[in-house]
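Chemist: Dropping a structure here in structure tokens format, bear with me for questions.
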Amino acid sequence: MIVLLAALGWVLCNVLVLVVAKGSLPFDWPDAASGSPVDRLVSANLGLVEVLLLAALVFWMTRKRRTLNLAARAPERSVAARETALLLLYGVGGLIVGFLMARLLGWHPFGLHLAGSLYGTHAHVAPAEAIVWAVYNLVVYAVIPLLYFRRRYSSEALNLRSSNRRADVVLILVVLAIESAVQIAALDPGIFELTGRQFAIGVPLTFVLYLAGAVLPAMVFIYAILVPRFLRLTGSVAATVVLGGLTYTVLHVWDAWTLFNSPGNAVLSIAFLLLTYFAPGMFKTVLTVRTGNAWVHVWAYHAFVPHTLVDTPNIVRIFRIT
């Protein structure tokens with residue numbers, strides 16, 4: 001049932017975009033290949049197809065691995081329900097505080113992505129904004145939750161320990177290679193147009209900033225803590241994958257390109273948040289459920305690709321690296 005609901009929701013997002021956009025999109029997407037609603041929908045749906053194919057590959061590659069009972073890593077249902085509810089409320093609070101603090105400082109609201117991530121931006125982003133964004137997200141979504149839950153649960157219970165390192169490394173390398181090739185072909189990232197100095201400084205700087213501001217927060221908050229509890233509460237891998245995708249999407253609600261200044265723009269923003277992040281969030285959940293290791297998605301499908309590959313030119317611009 002939940003798979004059917006997710007599919008219907010995806011179709012609804014497509015329909016809403018076609019009905020509401022009326023031929024153009026209001027978003028600041030300078031790095032997007034096209035601003036046409038139809039072209040963007042085609043891109044989003046091809047992205048979903050790729051994610052589904054990658055998920056099938058992951059299932060095939062992990063078919064002979066020892067079956068992991070991730071639900072058993074979570075506490076009994078009443079405790080898991082309480083921890084899940086409190087953590088989700090805490091996450092909403094982190095988004096609200098991040099919005100207010102950033103706006104008071106004259107910056108873009110703090111969500112899981114820095115302004116200009118993936119799509120680019122014409123807005124000014126100061127180096128201080130990028131650094132504070134990374135520190136805020138790291139502390140709020142990774143350090144504090146990990147300190148709290150690590151006192152109560154083992155590394156294995158938090159999906160932080162590999163049960164098969166060799167198999168995990170092989171899976172990481174395969175997914176990373178495929179996704180890198182796909183994104184280079186589809187997005188033509190500007191990283192290859194950087195000078196040698198820009199590349200040498202920008203790549204490690206981007207990697208560190210996004211590891212702190214996006215990758216580790218998502219890993220700890222969703223894939224280390226919430227995923228086992230989703231599985232305990234639902235008893236369904238499919239439901240857990242969908243919930244992982246939805247949670248990942250919500251954490252991007254303050255992406256700098258989103259617009260909530262009119263009902264139509266709000267509908268388009270929510271639709272494209274789902275079209276952009278729901279499928280990757282689900283795939284990260286699949287990687288975690290199949291391996292029991294939240295680190296796998298970090299290296300296979302987040303830290304290097306897309307962020308270091310796609311976002312290095314944005315960081316080079318922000319820090320004015322010449």
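The values are calculated or read from the model by the stated rules, or taken from the named source; none is laboratory data. Please read these numbers as outputs of a predicted model, since none were measured by experiment. Glycine gets a Cβ as well: all are built from the backbone with ideal geometry, and neighbour counts include every protein chain shown. Calculation scope for accessible area: heavy atoms of the full protein, side chains included, ligands and nucleic acids excluded. Shrake-Rupley method; radii C 1.70, N 1.55, O 1.52, S 1.80 Å.
Chemist: Provide the FRET efficiency to the nearest 0.05 for the residue 65-residue 199 pair, computing r from the beta carbons and using R0 = 41 Å.
Modeler: Working from the Cβ atoms, E equals 0.65.
Chemist: Projecting each Cα onto the charge dipole of the chain (Lys/Arg +1, Asp/Glu -1 at the beta carbon, about the Cα centre), which of 196, 11, 137 comes out farthest on the positive side?
Modeler: 137
Chemist: Mind checking the per residue accessible area of the chain for me, 1.4 Å probe, whole number of Å²?
Modeler: I get 45 Å² per residue for this part.
Chemist: Have a look at 159, 14, 69 and tell me which one the Gaussian network model of the chain (Cα, springs below 10 Å) gives the largest fluctuation.
Modeler: Between 159, 14, 69, it is 69 that shows the largest mean-square fluctuation.
Chemist: Please identify the helices of the chain, taking whole runs of DSSP H, that span at least 18 Å along their own axis as judged from the Cα atoms and have a mean Kyte-Doolittle score of 0.0 or higher.
Modeler: 2-21, 37-61, 77-104, 165-187, 196-210, 237-250, 263-291
Chemist: Okay, moving on. Mind jotting down the distance between the C-alpha centroids of segment 58-76 and segment 149-171, whole Å?
Modeler: Segment 149-171 and segment 58-76 have Cα centres spaced 12 Å from each other.
Chemist: Return the distance in nm (one decimal) between the two label points of a simple spin-label model at residue 82 and residue 270, each offset 7 Å from Cα along Cα→Cβ.
Modeler: Distance between the two pseudo-spin positions: 3.2 nm.
Chemist: Follow-up. I'd like the carbon and sulfur percentage of the solvent accessible area for the chain, probe radius 1.4 Å, heavy atoms only, ligands and nucleic acids excluded.
Modeler: Its accessible area is 69 percent carbon and sulfur atoms.
Chemist: Also, I was wondering about something else. Given R₀ = 25 Å, what would the calculated FRET efficiency be for residue 42 paired with residue 169, taking r from the Cβ atoms and rounding to 0.05? Each step should come with its number before you reach the end.
Modeler: On the way: r = 35 Å, r/R0 = 1.38.
Efficiency, from the Cβ-Cβ distance: 0.15.
Chemist: Any idea what the relative contact order of the chain is, in percent, if you count C-alpha pairs under 8 Å spaced at least 6 apart? Write down the numbers at each step before the final one.
Modeler: Values: 413 pairs, mean separation 105.2, N = 322.
Worked out over the chain, it gives 33 percent.
Chemist: Mind listing which chymotrypsin sites (Phe, Trp or Tyr not before Pro) in segment 213-284 are in a DSSP loop and have 13 or fewer other Cβ atoms within 10 Å? Provide the component values of the computation, followed by the final result.
Modeler: Numbers: sites: 221, 223, 230, 248, 254, 257, 260, 272, 277, 278, 283; in loops: 254, 257, 260.
Within segment 213-284, the qualifying chymotrypsin sites (Phe, Trp or Tyr not before Pro) (loop, at most 13 other Cβ atoms within 10 Å) are 260.
Chemist: For segment 1-57, just say rounded, prolate or oblate: build the C-alpha gyration tensor, square-root its eigenvalues into a ≥ b ≥ c, call rounded for a/c under 1.5, and beyond that prolate if a/b exceeds b/c, oblate if not. Before the final figure, lay out each step's value.
Modeler: Working: a/c = 3.22, a/b = 1.44, b/c = 2.24.
It is oblate, given that a/c is not under 1.5 and a/b is not larger than b/c.
Chemist: Related question: Placing unit charges on C-beta atoms (Lys and Arg positive, Asp and Glu negative, everything else neutral), compute the dipole magnitude of the chain about its Cα centre in debye, rounded to 20.
Modeler: 1240 debye
Chemist: Let me ask another. Please state the charge dipole magnitude for segment 1-121, taken about the Cα centre, from unit charges on C-beta atoms (+1 on K and R, -1 on D and E), reported in debye and rounded to the nearest 20.
Modeler: Values: 10 positive and 6 negative charges, 118 e Å.
Dipole size: approximately 560 debye.
Chemist: Normalised by the residues of segment 179-322, what does the relative contact order come to in percent, with Cα pairs under 8 Å and at least six apart?
Modeler: Relative CO of segment 179-322 lands at 41 percent.
Chemist: Can you compute the FRET efficiency between residue 72 and residue 186 using 1/(1 + (r/R0)^6), with r the Cβ-Cβ distance and R0 = 45 Å? Round to the nearest 0.05.
Modeler: 0.70
Chemist: For Rg/Rh (Cα atoms, Kirkwood Rh), the listed values are [x] 1.03; [y] 0.97; [z] 0.95; which was obtained by calculation from the structure presented?
Modeler: Computing Rg/Rh (Cα atoms, Kirkwood Rh) and matching it to [x] 1.03; [y] 0.97; [z] 0.95 gives [z].
Chemist: Kindly identify segment 192-253 as rounded, prolate or oblate by the Cα gyration tensor criterion: order the square roots of the eigenvalues as a ≥ b ≥ c, call it rounded if a/c is under 1.5, otherwise compare a/b with b/c, prolate if a/b is larger, else oblate. Don't skip to the answer; put the middle values down first.
Modeler: Values: a/c = 3.87, a/b = 3.16, b/c = 1.22.
Note, shape of segment 192-253 comes out prolate.
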